[in-house]
1. Could you look through the stretch 128-176, keep only residues that are charged (D, E, K, R) and in a strand (DSSP E or B), and pick out the one that is most open to solvent (accessible area, probe 1.4 Å)?
2. Is it fair to say ARG72 is open to solvent by 50 Å² or more (accessible area, probe 1.4 Å), touching a residue at least 40 places away in the same chain (Cβ under 8 Å) and in contact with an Asp or Glu (Cβ under 6 Å, 6 or more places away or on another chain)?
3. Go through (1) within 24 Å of VAL110 (Cα to Cα); (2) loosely packed, with under 13 Cβ neighbours inside 10 Å one by one and return the number of the condition MET181 breaks.
4. Report, ordered by the first and then the second residue, all pairs with beta carbons closer than 9 Å, sequence separation of six or more or different chains, a first member in the stretch 1-20 that is hydroxyl-bearing (Ser, Thr, Tyr), and a second member that is part of a loop (DSSP other than H, G, I, E, B) and open to solvent by 50 Å² or more (accessible area, probe 1.4 Å).
5. Are any residues in the stretch 24-61 assigned to a loop (DSSP other than H, G, I, E, B), open to solvent by less than 60 Å² (accessible area, probe 1.4 Å) and touching a residue at least 24 places away in the same chain (Cβ under 8 Å), and if so, which ones?
6. Is there a residue in the stretch 80-87 that is surrounded by 11 or more Cβ atoms within 10 Å (Cβ to Cβ) and of a type in the set (D, E, K, R)?
7. Go through the stretch 99-124 residue by residue and tally those that are part of a loop (DSSP other than H, G, I, E, B) and aromatic (Phe, Trp, Tyr).
Amino acid sequence: MKTVNKSTVELIDSMGNDLTVVNAARVSFDKQSEYRTIGVQEEYDVDSRLISHYPIEVLKEEDEKLIKYLARHNHWSPFAHTGITLRVSAPIFVARQLVKHQVGGVWNEVSRRYVDDEPVFYFPKVWRKRADNVKQGSSNEQADVGNGPKLTIDSVLALYENLLKTGVAPEQARMILPQNMVTSWYWTGSLMFFHRVFRQRTDSHAQVETQEVALQIGNICAKLFPVSWKALGEKQ
C-alpha cells in the first residue's frame, strides 16, 4: 500500500508580478510605471568565467506605497490581473473543503473514471482527539488508534483491485475508496483569489490538514508577488 503523511503544492505557471498590480491601477490615469535598477547580478562557472548577468530590479518606493494603499482600502481588482497555476496533491477530505472556493478559480482534477492505477492513501503523523468545546475541529490531545486504520485500508484496497480484475468499470469500482485517498488537481486563479483561500484556510478554526495546504500556497505566492502578498496580509 502506498502512503503519504503530507499534502504537496507545486507551482506550474504564473503570470505577472508586483509591477503588474501597480500598472493595473495606474492605467486609470493612463500612466505606467517601471522597475528601478539597483545593481547587476552576475553568475560565473566553475572556472570563474562570467556566464550571465542581469539587472536587479525592484519596485519604486511610490509603487510600493500604491500597493499598500490598494490593499488597505480593498481595491482588489488590480491584484486580479495576475495568474497562478498550482498542482495540489491532498487527501479527498481536504480537497472537498478547498473546492468550495469557486468564485475566481478554475479546478481540474484526476478522475478515477479513467484512472485505475493503485491509489495513494494519506495517514496523519498523529491522530487528534475530538475537541470538547467546538462542534467541529479537534484538540491537541493525541489518540491511540493502533493499526486499525491501515488494516481497514488494506482490506478496501484489496476489494478495489478485485473489483477491477472481475471487470467492474473504474467509475463504479471507485465508489468504495475512502476519503483518505490522495487526489490531485490543477488549480488556477489570481493572486486575489489565492489570498482569499489562504486567509480563510489558515484561520485557527480551519482543519489542520487544510491549513497545511494553504500555508504552502502562501509560500509560493509570497515568492512570486512579495510586495503585494505582504500588503494583502497586513490589511487584515
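The values are calculated or read from the model by the stated rules, or taken from the named source; none is laboratory data. Not measured: the values here are computed from a predicted model. Neighbour counts are summed over all protein chains in view; Cβ atoms, including those assigned to glycine, are modelled from backbone coordinates with ideal geometry. The area values use the complete protein model at the heavy-atom level, side chains included, leaving out ligands, DNA and RNA. Shrake-Rupley method; radii C 1.70, N 1.55, O 1.52, S 1.80 Å.
1. Looking only at the stretch 128-176, we keep the residues that are charged (D, E, K, R), and these are 128-130, 132, 135, 141, 144, 150, 154, 161, 165, 171, 174.
Filter once more, so that each one left must be in a strand (DSSP E or B): 128-130, 141.
Working: ARG128: 75, LYS129: 86, ARG130: 192, GLU141: 104 Å².
Selected residue: ARG130.
2. Considered against the rule, which asks whether it is open to solvent by 50 Å² or more (accessible area, probe 1.4 Å), touching a residue at least 40 places away in the same chain (Cβ under 8 Å) and in contact with an Asp or Glu (Cβ under 6 Å, 6 or more places away or on another chain), ARG72 comes out as no.
3. (2)
4. THR20/HIS81
5. If the condition is that a residue be assigned to a loop (DSSP other than H, G, I, E, B), open to solvent by less than 60 Å² (accessible area, probe 1.4 Å) and touching a residue at least 24 places away in the same chain (Cβ under 8 Å), then SER33, LEU59 are the ones that fit.
6. Yes - at least one qualifying residue is present in the stretch 80-87.
7. Initially, the stretch 99-124 is screened for residues part of a loop (DSSP other than H, G, I, E, B), giving 99-104, 110-119, 123-124.
Next, from what is left, pick out any that are aromatic (Phe, Trp, Tyr): 114, 123.
Final tally of qualifying residues: 2.
Here is a yes/no grid of residues against (1) of a type in the set (Phe, Trp, Tyr); (2) free of Cβ contacts under 8 Å to residues at least 24 places away in the same chain; (3) more than 30 Å from ALA222 (Cβ to Cβ):
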residue: VAL106; (1), (2), (3): no, no, no
residue: GLU109; (1), (2), (3): no, no, no
residue: GLY146; (1), (2), (3): no, yes, yes
residue: PRO170; (1), (2), (3): no, no, yes
residue: TRP185; (1), (2), (3): yes, no, no
residue: PHE193; (1), (2), (3): yes, no, no
